[in-house]
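The values are calculated or read from the model by the stated rules, or taken from the named source; none is laboratory data. Predicted, not measured: the structure shown is a model, and the values here were computed from it. FYI the Cβ positions are ideal-geometry reconstructions off the backbone, even for glycines, and counts take in every protein chain you see.
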Amino acid sequence: MILSDLHTHSCFCDGKNTPEEIVQSAIDKGLKEIGIVVHSYTPFDEAYCVSLDGQKQFIDLMGELKIKYQDRIKVLCGVEQDVFSTTSTEGYDYCIGSSHYFLIDGKYYHVDYNPKYFINLINEKFDGDYYNAVESYYNNLLLIGKNFTPDIIGHFDLITKFNEGDKLFSTTDARYVEAKNKALDHLIKLNKPFEINTGAISRGYRSEPYPASDVIGAIKKAGGKLILSSDAHAKENVGFQFDKWQNLL
């Protein structure tokens, strides 16, 4: 049984519940360790991330929760650092490295906002060429380990969030495979664990976690590490389907 979930979000960024509610949910579900993270501050998109003032408030509150619940669960305070964020990761227990944006002509666009937004974005900014977007996304992952050093690699193939069954583009296409493998080779060399993320399942976009099974296989073959993460944005999704997918580890 998996007893740790290191990727959950609270109301300090785009989550629904307070950090304490997340901690209490983790205890109720029998976890021995819970990590709550904020999305790192991004000045170009303040709607989903922690605020500049909120960073210290979050770290201070998490310190209080560590002490309050120390006899019941280990509480960790983390940050999900986006490749386009320039704020420091100091003060946090750990860092998840992720990419959530395309940078096009000086403007930032979401990778995973919703299916309609994603399709319109490909048509308007990538001339309908999904593989141009794929190459852009995986090139951004090359910044992880250069701009900052993570402790965990977050949702590696997030670009496939709305592509269940390859309905928008083929993940066996040569252009997709080349871009994916280039990023994967780079990140494996960091010797950091990749998360197997069940967040898109809880949101109803996928029936299996990401990364895809071939990516998981490549990580294992290279001697890489894997952990399960829920990417929960609500307390009920802490540890989401860990019992079902723990065999992937």
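List of remarks:
- The residues of the range 203-240 that are crowded, with 19+ Cβ neighbours inside 10 Å, out of contact with any Lys or Arg (no Cβ under 7 Å at 6 or more places or on another chain) and closer than 23 Å to Pro19 by Cβ, listed by number, are Leu228, Ser229, Ser230, Asp231, Ala232, Lys235, Asn237, Phe240.
- Failed condition for Phe169, given (1) in contact (Cβ under 8 Å) with a residue 40 or more places away in the chain; (2) surrounded by 15 or more Cβ atoms within 10 Å (Cβ to Cβ); (3) not small (Gly, Ala, Ser): (1)
- The C-beta contact set for the range 133-152 (first residue farther than 15 Å from Tyr109 by Cα, second residue of a type in the set (Asp, Glu), distance under 8 angstrom, 6+ apart or interchain) comprises Ile152/Glu195.
- Against the test of being crowded, with 19+ Cβ neighbours inside 10 Å and in a helix (DSSP H, G or I), the options Asn140, Asn120 yield a single qualifying residue, Asn140.
- Applying a threshold of 7 Å to beta carbon distances and a minimum spacing of six or more residues, or different chains, the list of pairs starting in the range 32-52 at a residue that is under 16 Å from Gly15 (Cβ atoms) and ending at one that is aromatic (Phe, Trp, Tyr) and at pLDDT below 95 reads His39/Tyr48.
- Taking helices (runs of 4 or more DSSP H) as the structural unit, those lying wholly within the range 152-249 and holding at least 3 residues that are out of contact with any helix residue (DSSP H, G or I) (no Cβ under 7 Å at 6 or more places or on another chain) and over 28 Å from Gly30 (Cα atoms) correspond to 174-188, 213-221.
- Taking the criterion of being within 15 Å of the chain's Cα centre (by Cα) and under 17 Å from Ile159 (Cβ atoms), the residues of the range 209-246 that qualify are Pro209, Tyr210, Pro211, Ala212, Asp231.
- Residue among Leu158, Leu121 that alone is in contact (Cβ under 8 Å) with a residue 12 or more places away in the chain, within 25 Å of Ser85 (Cβ to Cβ) and over 17 Å from the mean Cα position of the chain (by Cα): Leu121
- Candidates Asn181, Asn163, Asn197, filtered to the one that is of a type in the set (S, T, N, Q), touching a residue at least 60 places away in the same chain (Cβ under 8 Å) and closer than 28 Å to Asn123 by Cβ: Asn197
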